[in-house]
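Notes follow the structure.
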Amino acid sequence: MNNLSKFCTCKNLSCPLHPTNHEKGCAPCISKHLKLREIPSCFFSLLPDSEEKKGDTFKDFAELVLRE
């Protein structure tokens, strides 16, 4: 758990990119999402009902923001 940033809100501990599963912090996750033009899960967790998200797209994020 030493690699977990104080601001990390990701609860998907089984993800190989989760900071607790390697020594590179959040960078691999952020990099993956940037390449795919997606929003990282930690941004979704700031919103109510984020567990109901359909995916990680900008549209999925915007729909949750608009619902709030």
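I'd like the full set of residues that are touching an Asp or Glu at 6+ places or on another chain (Cβ under 9 Å), surrounded by fewer than 16 Cβ atoms within 10 Å (Cβ to Cβ) and part of a loop (DSSP other than H, G, I, E, B), limited to the stretch 27-44. Result: Leu36, single match.
Quick check on Lys53: is it surrounded by 16 or more Cβ atoms within 10 Å (Cβ to Cβ), basic (Lys, Arg) and out of contact with any Lys or Arg (no Cβ under 9 Å at 6 or more places or on another chain)?
Working: surrounded by 16 or more Cβ atoms within 10 Å (Cβ to Cβ): yes; basic (Lys, Arg): yes; out of contact with any Lys or Arg (no Cβ under 9 Å at 6 or more places or on another chain): yes.
Here the answer is yes, as Lys53 does meet what is asked.
For the residues Phe43, Phe7, the requirement of being aromatic (Phe, Trp, Tyr), more than 10 Å from the chain's Cα centre (by Cα) and within 26 Å of Leu66 (Cβ to Cβ) singles out Phe7.
As a summary of the residue check, Lys24 satisfies the conditions (1) within 13 Å of the chain's Cα centre (by Cα); (2) not in a helix (DSSP H, G or I) except for the one numbered (1).
No value in this document is a laboratory result; all are computed from the given coordinates. Since we're looking at a predicted model, the values are computed, not measured. Cβ: placed from backbone, ideal geometry, glycine included. Neighbour counts: every protein chain shown.
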